[in-house]
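Everything on this sheet refers to the single structure shown next.
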Amino acid sequence: MPVSDYDPTSLPDLLPLYYRRLFPFSPYYRWLNYGGVTKNYFQNREFSFTLRDDIYVRYQSFSNQSELEKEMQKMNPYKIDIGAVYSHRPNQHNTVKSGSFQALEKELVFDIDMTDYDDVRSCCSAADICSKCWTLMTIAIRILDRALREDFGFRHCLWVYSGRRGVHCWVCDPAARKLSVAARSAVAEYLSLVKGGEETVKKVQLSDPIHPFIKESLMVVERYFSQYALAGQDILSNKESVDKVLALDLVAYFQSEKNPTKRWERLKSLVHQKRTSSKKATHADKEIMLQYCYPRLDVNVSKGVNHLLKSPFSVHPKTGRISVPIDLRELDQFDPFQVPTISLICEELDRPRSTEEEAEETKENEKDAGEKRKIRDYKRTSLAKYVKLFDSFVEGLERSRKGELLKKSDLQKEF
Amino acid sequence: MQANLFQGRRVSCFRRFQAHNMQFTKRKKAIGNYQAELYGHCLQFYGQPPVENISLSEFETFAVERLKLLKTVENLGVSYVKTSEQYKKKMEVEISSLNFPYRTEVDDRKPLTGPTEYEKRRKDHISHFILRLAYCQTEDLRRWFIQQEMDLFRYRFTDLPSKFKSDFLHRNNLHYDTISSEEKENLMDKLVHSTFTVSGTTVVEQDFYKVPFQDALDLVRTRKVFLKGGYAYIPHQDIVTIVLNDFRTRLSKALALTARSLPAVQSDERLQPLLSHLSHAYVGQDYSIQKNVGKISLEQIDPLSAKSFPLCMRQLHKALRENHHLRHGGRMQYGLFLKGIGLTLDQALQFWRAEFVKGKVDADKFDKAYAYSIRHMFGKEGKRTDYTPYSCMKVILSNPPSQGDYHGCPFRHSDPELLKQKLQSFKISPAGINQILELVKGMHYQLACQKYFELTHGIEDSGFSLNHPNQYFVESQRLLTGGKEVKREADTPRGGQGVPANKGADAPLDKPANPAQAAAEVTEDLDSLFQDD
Ligand code: SF4
Ligand SMILES: [Zn+2]
């Protein structure tokens, strides 16, 4: 993966700059404070920091935005994780009676990592990704985002690039944050189709009737399948991978056909014939598509209320890329290699200002200089569009909170 | 048991329930009338506490029998798939043999033998409330009780003919939002495809309920329901899911309330010991305090490990002897087991030290790095929690072994091929091995282990249901050293233990976990607790 401009050893020099001038503290705090509706919601939130030399400190917590800012600027974490909202302040967890310190709420989160797809990627393996296999993430986001909204009725799903080889989703609706462990695991299982580890060849089993959720998911997969699997991964081109596909329970003789897309058409029609001729329906074509493309979730991450997940706008120490929100309106254009690295944006800061900017600057008085300067700062970098996206996500949350409040007070008026 | 002793003494602990019952004042009707109403259906939602006073002896009998029932429910739940025919059959047999209601007809004629339907229903009602008193005290007890009561309820509700189901809902004021026929029409296709046995016509015919998906997690998890906008659309045939959810919510609230008013009950010196006895009886798995502490010498461990240790412990023992080391997971699982079979702290220290120093650890390092955690297991360090030996469930479900680990359950965590070889090396017959592997394949690990027990002890039916490695040990020792009489005792269901009917039995199970309480209770039988002043 070409990260030519980023050198991990420069991190100690860049992080102070990043946290002082670029990290979007204001929307970040507004996000996690959730309007301050619930008492101590922000104060009881666990943060954990990974510092230099992999020193890991858990149970950090902060009273307000300025304390958060000050501490982050002091500690300059290599990585930030967000945990649950606890019953007490996490930094005082040692002082409360054991057993009474409990995780109460957290966003419903999902973690999708490319390494879980190694058996169906031929382009890369392990931590490597390329634009070909990134399609898998696109498919994953499309499928899960649809289900979270339409099936589960959630409205505030924040999708974030992990900085290296995967994506995270933060579902922030109040109802999602209140889900029990049992409910989280039920949601995650509803959304999981690919089962079994190294020892299982056939990882997707469909049976009749096919649930509407699976149908919807198949529609997404179908949009990408031939482009991704047939052309990109060439799953039907050489003997070895054909065997692998056919091990998934099909006897097809399409050797005479060389074109992968046509081979696939044959395979499908074969399945179709089988289906109409025998009583027991076969869904081999669908199962293959799903096994190759369906999102693979880490259920454990979603299940636990107290599970930690890397924070948006944290830096990935290996690649230097910022964990930025993903704009679903332009999902197909999202390119992980275009995501700015910390070195890039710090460099952009140092570039001489344009005359317009200068002019604007002299116009403004220096009142609340600090905050304004920070806003101006990130606006001059390629982080700008991601902060803007994040801002509008937080605004969306605020809007529906206000809507709820209005509804409540209207109800009260009626009585 | 001297039943006559209690004659004339009556208990009215249920007032405690009424104290927080909103409908208390409405209940001025004649009691007889009220009860006919109360027991009008064979299944209850336990909304109203009993209003009558009952004798202490009845109190005790009812409690013990329900406890037996719940223990059976638990055992069947780990041994069979809950939807299987076998499970249903066994449940039916157990429920009727313990004289709890399971038939749907109201039959007021006096049966030739046994109690009337009314008596059964009354027992069902009262015994449930007694156990609420006993099982509201800690989080663990509550969880166990709720789980078993839910399984019992699920079985009984599912078993009802549909007319009785509606009647049940109606009587208990359970109304759930149904969707309109237009909505049904619009969603027809999706509704048909979301449920296995629903076709177009049955969609039209039956009601669909619309509930927040959080109230139907079992259906959501298995994708057996249609979801839209955060709501689950549940066909009437699956209504048990919603009812059960309601049942759990109410029961857990009720238990929390009962716990709050419990101090009053506990101050009743006749009830308190009985209740605490009852609640300790469930544990069936509390092997933390043993009668035979110090009765085992270190030399015996090797032969015992071959004869009376379950496979998981035998494997750990062997690994320890061979490598002179065990990693943390193994030390915990094996160390607590050894404590459970009766090793003293000193013996344990000596045992582990002797083995570790043969390996890479010298005595000094052992004392610095490992002794602490062993004392910890015995509650002598740190928070002084008395660690309880792991149950099979815990071994099977939590902390799976990884590279370099020997802990876990061999039936669950070994490759079947390796397991087979191991069993062959223990001279298990090929037919026996096949039986075991079949059970493993069906994920019935404890049953596989039990089969192994039967094969290695040369018996047909072990007569207990295995849920703890220490239980395996106790049962094995009973067979090998206890002789016939003790063997018979082992046949009584677990739930029977810890109650006076069994007082002759060697029942390590009924000792409370708290040593202080143990001291107070070991010497006393229930009988003596109820002696008149
Ligand atoms: S079933 Fe229980 S006793 Fe038997 S090997 Fe597994 S964990 Fe040990
Ligand atoms: Zn790739």
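The values are calculated or read from the model by the stated rules, or taken from the named source; none is laboratory data. Keep in mind it's a predicted model, so treat the numbers as computed, not measured. Please note: Cβ atoms are built from the backbone with ideal geometry, for glycine as well, and neighbour counts cover all protein chains shown. Surface areas here come from the heavy atoms of the whole protein model, side chains and all, with no ligands, DNA or RNA. Shrake-Rupley method; radii C 1.70, N 1.55, O 1.52, S 1.80 Å.
What are the residues whose amide H is under 5 Å from the amide H of B:Ile54, where those residues sit 5 or more places off or on another chain and H is modelled from the backbone?
Those lying under 5 Å, H to H, from B:Ile54 are B:Val11.
If you find the alpha carbon centre of region B:423-470 and of region A:102-164, how far apart are they in angstrom?
Measuring centre to centre over Cα atoms gives 43 Å.
Would you tell me the accessible area of B:Phe153, worked out with a 1.4 angstrom probe on the heavy atoms of the protein chains, in Å² to the nearest 10?
Rounded to the nearest 10, that gives 10 Å².
For B:Glu438 and B:Arg327, what does the FRET efficiency come to when R0 = 22 Å and r is the distance between their Cβ atoms, rounded to the nearest 0.05?
E between B:Glu438 and B:Arg327, to the nearest 0.05, is 0.10.
Set the Förster distance to 56 Å, then compute FRET efficiency between A:Lys70 and B:Asp246 from the Cβ-Cβ distance, nearest 0.05.
The calculated FRET efficiency here is 0.70.
Full extension from B:Ser373 to B:Lys394: what is 0.36 nm times the residue separation minus their Cα-Cα distance, to one decimal in nm?
That pair, B:Ser373 and B:Lys394, stretches by 5.6 nm at full extension.
Take the Cα pairs of region A:19-129, get the Kirkwood Rh, then feed it into Stokes-Einstein at 10 °C and 1.306 mPa s and tell me D in µm²/s.
Calculated translational D: 99 µm²/s.
Please compute the Cα-Cα pair-distance distribution of region B:125-181 with 5 Å bins starting at 0, giving whole percents from short to long.
Using 5 Å bins, I get a P(r) of 4, 15, 16, 20, 17, 14, 8, 3, 2, 0 for region B:125-181.
Can you give me the Cα centroid spacing of region B:193-246 and region B:38-62 in angstrom?
Going from one Cα centre to the other spans 33 Å.
Would you calculate a helix-derived [θ] at 222 nm for chain A, using -39,500 (n - 2.57) for each DSSP H run of n ≥ 4 and dividing by the full residue count, to the nearest 500?
Here the helix-only value at 222 nm equals -12500 deg cm²/dmol.
Calculate what fraction, in whole %, of the accessible area of region A:61-163 sits on carbon and sulfur atoms when a 1.4 Å probe is rolled over the protein chains.
44
Which whole-angstrom value gives the distance between the alpha carbon centres of region B:127-147 and region B:293-321?
36
Only sites in a loop by DSSP and with at most 10 other Cβ atoms within 10 Å count here; which GluC sites (Glu not before Pro) in region B:376-485 make the cut?
Answer by residue number: B:Glu460.
Roughly how crowded by other chains is peptide B:222-231, in terms of the mean Cβ count from those chains within 10 Å of each of its Cβ atoms?
Across B:222-231, the average partner-chain Cβ count within 10 Å equals 6.
For chain A, take the longest principal axis of its alpha carbons; what is the angle in degrees between that and the long axis of helix A:369-379, to the nearest 10 within 0 to 90?
The helix A:369-379 is inclined about 20 degrees to chain A.
Mind checking the angle between helix A:181-190 and chain A's longest principal axis? C-alpha axes, 0 to 90 degrees, to the nearest 10.
Result, in degrees: 40.
Mind checking the dipole of region B:298-481: about its Cα centre, +1 per Lys or Arg Cβ, -1 per Asp or Glu Cβ, Debye to the nearest 20?
So the dipole magnitude of region B:298-481 works out to roughly 400 debye.
Provide the convex hull volume over Cα atoms per residue for chain A, in Å³.
201
Taking amide H atoms as placed 1.01 Å from N in the peptide plane, list the residues 5 or more away in sequence, or in a different chain, whose amide H sits under 5 Å from that of A:Lys79.
A:Thr50
Between their Cα atoms, which of B:Lys120/B:Lys163; B:Lys71/B:Lys120; A:Lys106/B:Lys224 are more than 25 Å away from each other?
Beyond 25 Å: A:Lys106/B:Lys224.
Using a 7 Å offset from the Cα along the Cα-to-Cβ direction at both B:Asp268 and B:Phe196, what is the distance between the two label points in nm, to one decimal?
Between B:Asp268 and B:Phe196, the label points sit 4.6 nm apart.
Treat each spin label as a single point 7 Å out from the Cα along the C-beta direction, and report the B:Lys89 to B:Gln421 distance in nm.
That separation, rounded to one decimal, is 3.8 nm.
Just read off the accessible area of A:Arg21 with the full protein assembly in place, 1.4 Å probe, to the nearest 10 Å².
Taking all protein chains as shown, A:Arg21 has close to 60 Å².
Report the FRET efficiency, 1/(1 + (r/R0)^6), for B:Asp362 and B:Val293, where r is their Cβ-Cβ distance and R0 is 30 Å, rounded to 0.05.
0.50
Report the per residue volume, in Å³, of the convex hull enclosing the C-alpha atoms of region B:177-238.
Considering the Cα atoms of region B:177-238, their hull volume per residue is 73 Å³.
Using θ = phi - 60° and the Karplus curve 6.51 cos²θ - 1.76 cosθ + 1.60, what whole-Hz ³J(HN,Hα) does each residue of region B:304-319 get, with Gly and Pro shown as x?
4, 4, 7, 8, 10, 8, x, 3, 4, 7, 4, 5, 5, 4, 4, 4
Report the dimensions of region B:205-254 along its three principal axes from the alpha-carbon atoms, largest first, rounded to Å.
34, 23, 17
So, for chain A, what is the accessible surface per residue at a probe of 1.4 Å, expressed in square angstrom?
48
In degrees from 0 to 90, rounded to the nearest 10, what is the angle of the helix A:284-293 Cα long axis to the longest principal axis of chain A?
30
At 1.4 Å probe size, what's the solvent-accessible area of B:Glu92? Round to the nearest 10 Å².
The value for B:Glu92 is about 70 Å².
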